[in-house]
1. Has region 145-153 got any residue that is open to solvent by less than 40 Å² (accessible area, probe 1.4 Å) and without any contact (Cβ under 8 Å) to a residue 12 or more places away in the chain?
2. From 114, 33, which residue is touching a strand residue (DSSP E or B) at 6+ places or on another chain (Cβ under 9 Å) and surrounded by 17 or more Cβ atoms within 10 Å (Cβ to Cβ)?
3. Which number in (1) more than 20 Å from residue 140 (Cα to Cα); (2) open to solvent by 20 Å² or more (accessible area, probe 1.4 Å); (3) in contact with a strand residue (DSSP E or B) (Cβ under 7 Å, 6 or more places away or on another chain) marks the one condition that residue 96 misses?
4. Looking at residue 113 and the list (1) farther than 28 Å from residue 26 by Cβ; (2) modelled with pLDDT of 95 or more, which single condition is not satisfied?
Amino acid sequence: DNSAQHILESNYMTNVLPQATGFNRAGGAWIYTEYLIECSRDVSTVQKQVIFGGAIFNDPTNDYFLQSHGIPTPDIFWKVVVRYETDGTQKVMSWLLPNHYSTIDDNMAQYISTVSEIQSLTGDSMPELPDSYTEETDPSAWDSVLTGCDKSR
C-alpha cells in the first residue's frame, strides 16, 4: 500500500479477470481473503507473506466476455497464502473460490482447500513454497487479524 511500484505491479491488465458481482466487494469471499492478507501486515508475529493465486477455467458455456474482450470467464479462483512467522514457522491457508455471486464470506469454511488439491487442479507445483509448513484448515484461525484492522490504508 505504501509502495508506488507494488501498486503499479498489481494493477496490470494481466492481473484482471471477470469476477461475479459481489465476489470482490464487501461480503464477498475474495475480498475477505484480501482483508486477511492486508490486516496480517500489522500482526507483529507475521514476518512476511507470500501469496499465490490464479484461476481455473473448466466450463466454456459461461465465457461471457470471450467474444467482446477475448477473455474466458474463470470458473474458480484459487489462493494460497504463506505466512512466515517470527518464530521460524510457516503457516499456509488455501482456498478454492467459485466465481459465483453466492461465494460470500459467511461460507469460508466450504472454500478451504489444501495446497496439494490446488496443485493437482492447476498443475502448478509452486516450487517457491517453503520446504515445511503447517496447513491451516480452520477458516477462523486467522480471523482475529480483522479485529481493529484499518483497511483504509
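The values are calculated or read from the model by the stated rules, or taken from the named source; none is laboratory data. Predicted model only: the values in this text are computed from it and were never measured. Ideal geometry is used to build each Cβ from the backbone, glycine not excepted, and the neighbour counts take in all protein chains shown. Calculation scope for accessible area: heavy atoms of the full protein, side chains included, ligands and nucleic acids excluded. Shrake-Rupley method; radii C 1.70, N 1.55, O 1.52, S 1.80 Å.
1. In the first step, residues of region 145-153 are kept if they are open to solvent by less than 40 Å² (accessible area, probe 1.4 Å); the result is 145, 149.
Now restrict to residues that are without any contact (Cβ under 8 Å) to a residue 12 or more places away in the chain: none.
No, region 145-153 contains no residue that is open to solvent by less than 40 Å² (accessible area, probe 1.4 Å) and without any contact (Cβ under 8 Å) to a residue 12 or more places away in the chain.
2. Numbers: 114 fails: surrounded by 17 or more Cβ atoms within 10 Å (Cβ to Cβ).
Testing whether each residue is touching a strand residue (DSSP E or B) at 6+ places or on another chain (Cβ under 9 Å) and surrounded by 17 or more Cβ atoms within 10 Å (Cβ to Cβ) leaves just 33.
3. Against the list (1) more than 20 Å from residue 140 (Cα to Cα); (2) open to solvent by 20 Å² or more (accessible area, probe 1.4 Å); (3) in contact with a strand residue (DSSP E or B) (Cβ under 7 Å, 6 or more places away or on another chain), residue 96 comes up short only on (1).
4. Single failed check for residue 113: (1).
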